[in-house]
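Peer 1: One structure, pasted below without further comment.
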Amino acid sequence: MLPLIRPDLSELSAYHVDAVAETEGITLDKLDANEVALDLPDWLKVKLGAIAQSQIAANRYPDGEYSHLKQLLADYVGYGVTPEQISLGNGSDELIRSLLIVSCLNRGSILVAEPTFSMYGILAKSLSIPVVKVPRSTLDFSIDLEAASQALKEHQIAAVFFVHPNSPTGNLMTEPELAWARSLPENVLVVIDEAYFEFSQVSVIAELAQHPNWVILRTFSKAFRLAAYRVGYAIAQADLILALEKIRLPYNLPIISYLAAELAISHREELLANIPEIRSERDRLYSELQNLGIQVWRSDANFLYARTKDDTALMNALKTQGTLIRQTGSGLRLTIGTPDQNQRMLERIKLQLITDN
Ligand SMILES: *Cc1c(COP(=O)(O)O)cnc(C)c1O
């Protein structure tokens, strides 16, 4: 590595996902990134294009306050949340990095319970912020709170990251975990990532007013079908949001992403209409996989987590037949797609089990 580069970056590699090309005759079922399987409806794309064409001067910097979208989001989030309590990011990934800069840089470590979303650790390391890991129960993936409390005593913990429901394991925070989060001192940032809120319909938002050290993250990348546009938002008390705004890059959200998010939130009834189907497909698939003797866990999100005799072999066998799933956290994460895609995945898993025996 060049001598001018921070030595600790040598441990990191650039974020990269293997692109699998669609081969002729095979449709690829992309069930590896927890996206919703349906693209935006055409009428909405047309509308987005028309607005961009008629209302946006491309040569001008946009309104960098993003006030209208924040107002729409405040209305959507409810519970008396105001636009001053919302910050927008280029994906929630950007907000995770901003939170690390605001709270942890030169101040302390982050605490995560594995397996969990890998981005917290990756982004912390990119800022030389130490990562303290505690385990989860292998039965239900609840956090080892004794280990977590111990870690809090032994390390200078500046922030704790929860996912609600967790990825890749799909479980909601338990009552003891919530109680622990409530008990954390106010100099510890508590991040509760609700990327899958629209699927779980469970949120800690009602408690936000009591906790100046809590921040809730949400995203347009999952239920709202806007992963390509990169829009996430943070909800917290106004003081914390003000700190995020101080370190935000000017115009961090491209105008087309801003417009797409405005349209998506305004047309949420149409966009979120397929969520009941995703949830019932998820539960159907859970039962089917369990009937096959596969170790699989109940989920509150749009994916299932499973562990098999040979996860790598199963993932590769599915890939050859056109179903992409994700191997992560010592297991397999299966995104719920359309009923057809789910059925194909199930048939392909059955086929592989027969081949194995
Ligand atoms: C998908 C996901 C996100 C979304 O990230 P974006 O940068 O908004 O696309 C955030 N947190 C978790 C836990 C996720 O699974």
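Read the figures in this text as sums done on the coordinates, not as results from a lab. All figures in this text were calculated on a predicted structure; none of them were measured in a lab. All Cβ positions, glycine included, derive from the backbone under ideal geometry; neighbour counts span all protein chains shown.
Peer 1: Tell me which residues, restricted to the stretch 106-135, are away from the ligand (no atom under 15 Å from the Cβ), surrounded by fewer than 22 Cβ atoms within 10 Å (Cβ to Cβ) and touching a residue at least 24 places away in the same chain (Cβ under 8 Å).
Peer 2: Across the stretch 106-135, the qualifying residues are 107, 108, 109, 125, 127, 128, 130, 132.
Peer 1: In the stretch 166-176, what residues are over 19 Å from the mean Cα position of the chain (by Cα) and in contact (Cβ under 8 Å) with a residue 24 or more places away in the chain?
Peer 2: Selection gives 176 alone.
Peer 1: Is it the case that the stretch 51-73 has a residue that's out of contact with any strand residue (DSSP E or B) (no Cβ under 9 Å at 6 or more places or on another chain) and closer than 29 Å to residue 336 by Cβ?
Peer 2: yes
Peer 1: Scan the stretch 77-98 for residues that are within 16 Å of the ligand (Cβ to nearest atom) and either touching a Pro at 6+ places or on another chain (Cβ under 9 Å) or aromatic (Phe, Trp, Tyr) (or both) and report the count.
Peer 2: 1
Peer 1: Give me the pairs: first residue in the stretch 275-287 and in contact (Cβ under 8 Å) with a residue 12 or more places away in the chain and aliphatic (A, V, I, L, M), second residue assigned to a helix (DSSP H, G or I) and surrounded by fewer than 18 Cβ atoms within 10 Å (Cβ to Cβ), beta-carbon distance under 8 Å, and six or more apart or on different chains, which are they?
Peer 2: If the second residue must be assigned to a helix (DSSP H, G or I) and surrounded by fewer than 18 Cβ atoms within 10 Å (Cβ to Cβ), the pairs left are 285/346.
Peer 1: Only one residue in 16, 68 is farther than 23 Å from residue 344 by Cα, of a type outside the set (Phe, Trp, Tyr) and touching a helix residue (DSSP H, G or I) at 6+ places or on another chain (Cβ under 9 Å), so which one is that?
Peer 2: Exactly one of 16, 68 is farther than 23 Å from residue 344 by Cα, of a type outside the set (Phe, Trp, Tyr) and touching a helix residue (DSSP H, G or I) at 6+ places or on another chain (Cβ under 9 Å), namely 68.
Peer 1: Any residue at all in the stretch 142-165 that is without any contact (Cβ under 8 Å) to a residue 24 or more places away in the chain and either hydroxyl-bearing (Ser, Thr, Tyr) or within 16 Å of the ligand (Cβ to nearest atom) (or both)? Please lay out each step first, then the result.
Peer 2: Just the residues of the stretch 142-165 that are without any contact (Cβ under 8 Å) to a residue 24 or more places away in the chain, to begin with: 146-147, 150, 153-154.
Now drop any that are not either hydroxyl-bearing (Ser, Thr, Tyr) or within 16 Å of the ligand (Cβ to nearest atom) (or both), which leaves none.
Within the stretch 142-165, not a single residue is without any contact (Cβ under 8 Å) to a residue 24 or more places away in the chain and either hydroxyl-bearing (Ser, Thr, Tyr) or within 16 Å of the ligand (Cβ to nearest atom) (or both).
Peer 1: Taking the stretch 12-35 as the region of interest, how many residues are in contact (Cβ under 8 Å) with a residue 60 or more places away in the chain and within 16 Å of the ligand (Cβ to nearest atom)?
Peer 2: Of the residues in that region, 7 qualify.
Peer 1: Still on this model: Which pairs turn up if I take residues in the stretch 65-77 that are under 17 Å from residue 254 (Cα atoms) and look for partners that are in a loop (DSSP other than H, G, I, E, B) and β-branched (Val, Ile, Thr) with beta carbon separation below 8 Å, at least 6 apart in sequence or on another chain?
Peer 2: none
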